[in-house]
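**Q** The following block contains the structure, expressed as structure tokens.
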Amino acid sequence: MASNSSDAPVLIVGLGRFGAAAASKLERLGREVLVIDTDAALVQKWSGVATHAVQADAGDIDALRQVGAQGFSIAIVAIGASLEASVLATSNLDELGVPQIWAKAMSHSHGVILQRIGAHHVIYPEAESGDRIAHLVSGQVLDFIEFDDELSLAKLRPPLAARGAALSTLALRRKHGITVVGVRSPGQKFVYAGADTIVGEDDLIVVSGTAADIDGFARLPRALKL
């Protein structure tokens with residue numbers, strides 16, 4: 001079962017909100033998914049949704065062997081309620097030689113521990129969700145994705161500084177630290193922006209830049225003061 005391809009089967013440990021959301025999305029993408037949880041009711045609920053659903057304790061390495069965890073190339077440890085259970089599951093998957101272990105962390109210290117015992121990728125869903133919501137409620141940003149400290153994407157209504165002239169003449173990167181990536185006019189699909197693109201008042205734009213630069217750009221005036 002092991003594979004490094006983009007269609008490799010995925011093992012998900014824990015069927016809380018995070019694990020269930022990951023399993024549901026992977027299933028919609030056509031991926032084979034094995035979900036395991038100690039809660040019989042959750043396993044029963046997911047038995048008709050996931051490719052395979054098994055009641056098992058990932059803190060028991062023999063139980064993981066019995067469900068074939070060692071044959072997976074990708075595993076997601078989605079346990080959040082118990083730090084001990086999260087650590088044991090991650091450690092056991094590492095011992096079984098799973099080459100890609102994604103683990104959910106509830107805090108920075110939890111994440112450090114997970115990395116030290118074998119997690120290759122640590123996810124902070126609550127913190128990441130909180131950051132995104134903060135950007136959405138703090139200004140004119142309609143959607144926001146932060147990839148790292150140097151790159152974020154946001155969808156927003158264009159301020160005056162981005163309208164009325166070709167983007168090449170507005171020097172938005174030099175003046176505001178952002179680049180207009182795409183534009184959607186009313187009733188139209190998003191299109192990639194070019195040097196000659198002129199943004200209209202009723203358009204939506206997708207911009208890239210740091211989170212701070214995007215926040216500053218989003219707060220620029222959208223109408224002339226009377």
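**Q** Name the residues in region 46-58 that are assigned to a loop (DSSP other than H, G, I, E, B) and open to solvent by less than 30 Å² (accessible area, probe 1.4 Å), would you?
**A** ALA50, ALA56, ALA58
**Q** Turning to a different aspect of this structure: Considering (1) over 18 Å from THR210 (Cβ atoms); (2) among the β-branched types (Val, Ile, Thr); (3) in a strand (DSSP E or B), say which one ILE145 fails and leave the rest.
**A** Exception for ILE145: condition (1).
**Q** Test SER3 against the stated conditions and say whether it is among the polar types (S, T, N, Q) and at pLDDT below 95.
**A** Spelling it out, SER3 is indeed among the polar types (S, T, N, Q) and at pLDDT below 95.
Residue by residue, here is whether (1) assigned to a loop (DSSP other than H, G, I, E, B); (2) modelled with pLDDT under 95; (3) farther than 20 Å from LEU136 by Cβ; (4) not basic (Lys, Arg) holds:
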residue	(1), (2), (3), (4)
VAL183	no, no, yes, yes
GLY187	yes, yes, yes, yes
GLU201	yes, yes, yes, yes
SER208	no, no, no, yes
ASP213	no, yes, no, yes
ARG222	yes, yes, no, no
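**Q** Let me ask something else about it. It is to be established whether one or more residues within region 64-77 are of a type in the set (Ser, Thr, Tyr) and open to solvent by less than 70 Å² (accessible area, probe 1.4 Å).
**A** Step one: filter region 64-77 for residues of a type in the set (Ser, Thr, Tyr), giving 73.
Add one more test, that the residue is open to solvent by less than 70 Å² (accessible area, probe 1.4 Å), and what stays is 73.
Scanning region 64-77, I find at least one residue that is of a type in the set (Ser, Thr, Tyr) and open to solvent by less than 70 Å² (accessible area, probe 1.4 Å), so the answer is yes.
**Q** Right, here's the next one. Taking region 26-45, which residues are closer than 21 Å to MET106 by Cβ and surrounded by fewer than 22 Cβ atoms within 10 Å (Cβ to Cβ)? Steps first, answer last, please.
**A** Filtering region 26-45 down to residues closer than 21 Å to MET106 by Cβ leaves 35-39, 42.
Matches in region 26-45: THR38, ASP39, LEU42.
**Q** Can you pull out the residues in region 115-135 that are over 13 Å from the mean Cα position of the chain (by Cα), at pLDDT 75 or above and either under 13 Å from ASP215 (Cα atoms) or of a type outside the set (D, E, K, R) (or both)?
**A** Listed by number, the residues that qualify are GLN115, ILE117, GLY118, ALA119, HIS120.
The values are calculated or read from the model by the stated rules, or taken from the named source; none is laboratory data. Only a predicted model underlies this, so the values are computations on that prediction, with no experimental measurement involved. Here Cβ is always computed from backbone atoms with ideal geometry, including for glycine, and neighbour counts include all displayed protein chains. Quick note on the areas: whole protein, heavy atoms, side chains included, nothing else; ligands and nucleic acids left out. Shrake-Rupley method; radii C 1.70, N 1.55, O 1.52, S 1.80 Å.
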